[in-house]
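S.K.: Sharing a structure here in structure tokens format.
The values are calculated or read from the model by the stated rules, or taken from the named source; none is laboratory data. From a predicted model like this one, the values you see are computed outputs, not experimental measurements. For neighbour counting, all protein chains shown are included, and Cβ atoms are generated from backbone atoms with ideal geometry for every residue, glycine included.
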């Protein structure tokens, strides 16, 4: 099943996994019911941290048939979008803050058969992405400043999600990333999010199955 065709969908962020046992971690996530994986690529320039790159995406693709979203937190995404698709990403998400005009890059991703995502940081007004919405498959609203896992949720993301829900074209999925956990996921769903990137809340849990199920139920029922 296409993980992006139905909501809500929890996407485990592998940034928080045990890289010494990557195959086991991915197998556990699959067994727990994860429907997609989220990989954060950081360059130490656009964000103040380094993570991983193409080899990690290639490895994740060998280990799993789940859809892979590659979130490019890098300064020069135009040099890499096709490379990440070739490495096995199903969706490539770039930052509006990293592209003077994101539209040509989104078009390139879609032309190659990938799904195009556009991310927006907490301080950036949503008007910055208005002209590109028609070329997006996913709009990713950051609820923390990008670069590190385990940060506290910023409620400005809820305002952005609600505003975007009223203006994105039909079929565009809204995603939220940063500080998504048991206490924030329902509010994100109420605001309009359909895709939920979750790191610490899953990987600091002893039971991935129970945690993914609970998060999905909270999002599906808006916590009621």
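S.K.: Among the residues of segment 24-44 satisfying the criterion of being part of a helix (DSSP H, G or I) and surrounded by fewer than 18 Cβ atoms within 10 Å (Cβ to Cβ), which is nearest to the chain's Cα centre (by Cα)?
M.R.: It comes out as 30.
S.K.: Something else now. If I filter segment 60-74 down to residues being free of Cβ contacts under 8 Å to residues at least 40 places away in the same chain and in contact with a strand residue (DSSP E or B) (Cβ under 6 Å, 6 or more places away or on another chain), which single residue comes out as surrounded by the fewest Cβ atoms within 10 Å (Cβ to Cβ)?
M.R.: This residue is 74.
S.K.: Does residue 21 fit the bill of being part of a loop (DSSP other than H, G, I, E, B), surrounded by fewer than 18 Cβ atoms within 10 Å (Cβ to Cβ), over 18 Å from the mean Cα position of the chain (by Cα) and without any contact (Cβ under 8 Å) to a residue 60 or more places away in the chain?
M.R.: Spelling it out, it is not the case that residue 21 is part of a loop (DSSP other than H, G, I, E, B), surrounded by fewer than 18 Cβ atoms within 10 Å (Cβ to Cβ), over 18 Å from the mean Cα position of the chain (by Cα) and without any contact (Cβ under 8 Å) to a residue 60 or more places away in the chain.
S.K.: So, in segment 193-203, exactly how many residues are modelled with pLDDT of 95 or more and outside any helix (DSSP H, G or I)?
M.R.: Summing the residues that are modelled with pLDDT of 95 or more and outside any helix (DSSP H, G or I) in segment 193-203 gives 6.
S.K.: Given (1) free of Cβ contacts under 8 Å to residues at least 24 places away in the same chain; (2) in contact with a helix residue (DSSP H, G or I) (Cβ under 7 Å, 6 or more places away or on another chain); (3) over 26 Å from residue 27 (Cβ atoms), identify the lone condition not met by residue 201.
M.R.: (3)
S.K.: Exactly one condition in (1) more than 15 Å from the chain's Cα centre (by Cα); (2) within 18 Å of residue 123 (Cα to Cα); (3) surrounded by 16 or more Cβ atoms within 10 Å (Cβ to Cβ) is false for residue 218; which is it?
M.R.: With (1) more than 15 Å from the chain's Cα centre (by Cα); (2) within 18 Å of residue 123 (Cα to Cα); (3) surrounded by 16 or more Cβ atoms within 10 Å (Cβ to Cβ) applied to residue 218, the lone miss is (2).
S.K.: Applying the selection to segment 91-127, what residues are crowded, with 20+ Cβ neighbours inside 10 Å and touching a residue at least 40 places away in the same chain (Cβ under 8 Å)?
M.R.: Within segment 91-127, 91, 93, 95, 98, 115, 117, 119, 120 meet the criteria.
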